[in-house]
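Structure first, commentary second.
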Amino acid sequence: QHIACIFDLDGVLVDTAVYHYQAWKQLANSLGFDFTYAQNEQLKGVSRMRSLDMILKWGGIEKSEAEREALASLKNSWYVAMISKMTTDELLPGSLKILENLKAIGAKIALGSASKNSALILKRTGLTHFFDAIVDGNEVTTSKPDPEVFVKAAELLGATNKDCVVFEDALAGVQAAIAAGMYVVGVGETENLPGAQLVIKDLSEITIAELLALKNQETE
Ligand code: G6P
Ligand code: MG
């Protein structure tokens, strides 16, 4: 099958948004302001340092480069403590099944994530063995919406960009996949993910047969 699948991690395969939220909220509170769940939504797919910059801006706080590095590390230490306890129960609906079914047809599978914690999350949730390639925040220099993360993943899979299907829950990620010339399946709400060829609520809403049919239609 000429299909290679690239999965975003947070919000597509696993439910980590709640931990990012708790850790960022704790950081904001320690600096004397609050941080809402709605604000957390805006940080989906956004790198750690850029997330911190947005939060400091919301709090009306300015910090030096060194202080920002320290705050990001502090948030990450809290976040890592939380994800270190994750279990397979925190996989989002349909993740395990789609990965198993893709493996069964011999499709190549990659991870394309902005997170620098992907190895730990994959390990805790038992997904590591599914991936032929892993590209995360440790490997990229330019974050989504730049296509670098997905282009690197395709290269590692030995796939051409147009043979790749990207699964993404963040607008920046959808834009990155489009910029790479890939087929994008948005995971979430249609109105939040303009540009995706298809939007599903979660991975349980699509079968491999449907995916192959859509992909073939597209390239005809
Ligand atoms: C994902 C999440 C973001 C997070 C980013 C970096 O894209 O959706 O909320 O900020 O990864 O994660 P990290 O684990 O490196 O802090
Ligand atoms: Mg995501």
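Couple of notes before you dig in:
- As a summary of the residue check, P145 satisfies the conditions (1) of a type outside the set (S, T, N, Q); (2) within 16 Å of ligand 1 (Cβ to nearest atom); (3) free of Cβ contacts under 8 Å to residues at least 60 places away in the same chain; (4) within 22 Å of I3 (Cβ to Cβ) except for the one numbered (4).
- The lone criterion from (1) touching a residue at least 60 places away in the same chain (Cβ under 8 Å); (2) crowded, with 19+ Cβ neighbours inside 10 Å; (3) away from ligand 1 (no atom under 16 Å from the Cβ) left unmet by L212 is number (2).
- Verdict on Y19 being buried (at least 20 other Cβ atoms within 10 Å of the Cβ), in contact with a His (Cβ under 8 Å, 6 or more places away or on another chain) and farther than 17 Å from A172 by Cα: no
- Any hit, the stretch 93-116, residues being within 15 Å of ligand 1 (Cβ to nearest atom), among the β-branched types (V, I, T) and within 23 Å of G186 (Cα to Cα): no
- Members of the stretch 26-42 found to be at pLDDT 95 or above and either hydroxyl-bearing (S, T, Y) or surrounded by fewer than 19 Cβ atoms within 10 Å (Cβ to Cβ) (or both), listed by number: Q26, N29, S30, L31, G32, F33, D34
- In the stretch 3-19, of all residues being in a loop (DSSP other than H, G, I, E, B) and of a type in the set (D, E), the one that is farthest from ligand 1 (Cβ to nearest atom) corresponds to D15.
The values are calculated or read from the model by the stated rules, or taken from the named source; none is laboratory data. Quick caveat: nothing in here was measured; it's all calculated off a predicted structure. Positions of Cβ are backbone-derived with ideal geometry, glycine not excepted, and every protein chain shown enters the neighbour counts.
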